Structures are given as C-alpha cells and as structure tokens.
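We did not get these values from a lab; they are worked out from the coordinates using the rules stated. Given the structure is predicted, the values throughout are model-derived calculations rather than measurements. Heads up, the Cβs are rebuilt from the backbone with ideal geometry, glycines too, and the neighbour counts pull from every protein chain shown.
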Amino acid sequence: MIQTILTYPNPELKKKSASVTIITDSVRELVRDMADTMYDAPGIGLAAPQIGVHQRVIVIDISGKNEPPDLIVAINPIIVHGEGETYEEEGCLSVPDYAANVRRHASVVVKALDIDGVERTWKAEDLLAIAFQHEIDHLDGILFVDHLSSLKREIFQRKARKAAEDKR
Ligand code: NI
C-alpha cells in the first residue's frame, strides 16, 4: 500500500533506525509498502524512516523508464568498503523541490540481508553506489542536505522556511 512520505523538517526523519532482528510478515509488508510508495512517487530509493518506520530497511531501483524493474531490498545494510569520490546532484523524496551536489564514495561494497534473510553483497558503482549511501544515511537520521557546506545548508533552510510560510 502506498504510504505518505514524510518531508523535511519532520523530526521523524532525524531518528536513528533499529536493526531488524527477524524478518516477519510485518517486515515483508513494510517492504511491499516501501516499494509501492517508491514506484508511485516515483523515486529510485526509499528508506523505512521516510514512511515513519524506524527499522533498517531500504529499497532501491535504479532501472530506467524503459527497462524492467530491478528492485533491491536491503535489510540492515552496512557499507563494508568505500572508495573513490563523486560529486553528483542528489534529490530526495523527503526534500521536495530541492537538489544539490553531494560528495560520496564512487564505489561501495554493501552487505545486507535480502527479503528472504539471506546475506547478500552488492558491489555498487556510480548511481547505485550513491543510492546506497543516500538511503543508508536515512537509517541514521541523515539527509543529503546535512552533507552540504554550512553556507549552502543555510540557503536551503531559508528556502524551506519560506516555502513553509507560503503554504500557511
Ligand atoms: Ni532520500
């Protein structure tokens, strides 16, 4: 079921998520909801806290519009290795109408459990590497705007405050 995506500055987005200890039906339902919500948005990644669930679960699908879907489900993901550097523009479903360049590792090795509880390793580069780093950040209460320089972050915060005021 499509869920509501929480947006900045909702404090739920700043909370650290807990590890999943056992993959129950409710975790499987969470994953389905997250995939539905991500595809509906549409986005290329979603982390559980973005729909208000503080469990370490992310979904990613970087396949193009004309390609078959390729859903990655990563439970308790950890970056075991990162190297290189990239500085690409990022956006986030929780930070609508804003994008900025963020420094990330160009390639990462990620270990996680898949939906069947099997440990998997992904060697990710470029967009997929960025998506893993961005989504795993969400599990620690970190948004991409938290990586900006203080000047850029201030400009973003001012813009966000003004947008919130305009809505009132
Ligand atoms: Ni995001």
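Couple of notes before you dig in:
- Interchain or long-range residues, amide H under 5 Å from residue 120's placed H: 112, 113, 114
- Size descriptors for the range 86-145 (Cα atoms only): Rg and Dmax, in that order, 12.5, 37 Å.
- Sorted by Cβ density within 10 Å, fewest first, the residues 1, 34: 1, 34
- In a DSSP loop and with at most 16 other Cβ atoms within 10 Å, the trypsin sites (Lys or Arg not before Pro) in the range 1-86 are 15, 16, 65.
- Overall form of the range 11-167 per C-alpha gyration tensor (a/c, 1.5; a/b vs b/c): prolate
- Cα-Cα over 26 Å, subset of 111/159; 65/123; 14/167; 123/159: 111/159; 123/159
- Check: the chain dipole with +1 on Lys, Arg Cβ and -1 on Asp, Glu Cβ, in debye: 760 debye
- Residues residue 1 and residue 149, FRET efficiency given R0 of 41 Å [Cβ-Cβ distance, rounded to 0.05]: 0.60
- Dipole of the range 11-167 computed with +1 at Lys/Arg Cβ and -1 at Asp/Glu Cβ about the Cα centre; of 133, 41, 26, farthest Cα towards the positive end is 133.
- Packing, taken as the mean count of other beta carbons within 10 Å per residue, orders the peptides 124-134, 71-81, 149-159 from highest to lowest as 124-134, 71-81, 149-159.
- In order along the range 115-122, phi translates into HN-Hα couplings of 5, 8, x, 8, 6, 10, 10, 10 Hz, rounded to whole numbers, per the Karplus curve 6.51 cos²θ - 1.76 cosθ + 1.60 with θ = phi - 60° and x for Gly and Pro.
- The P(r) of the range 43-99 has a tail past 19 Å containing 47 percent of all C-alpha pairs.
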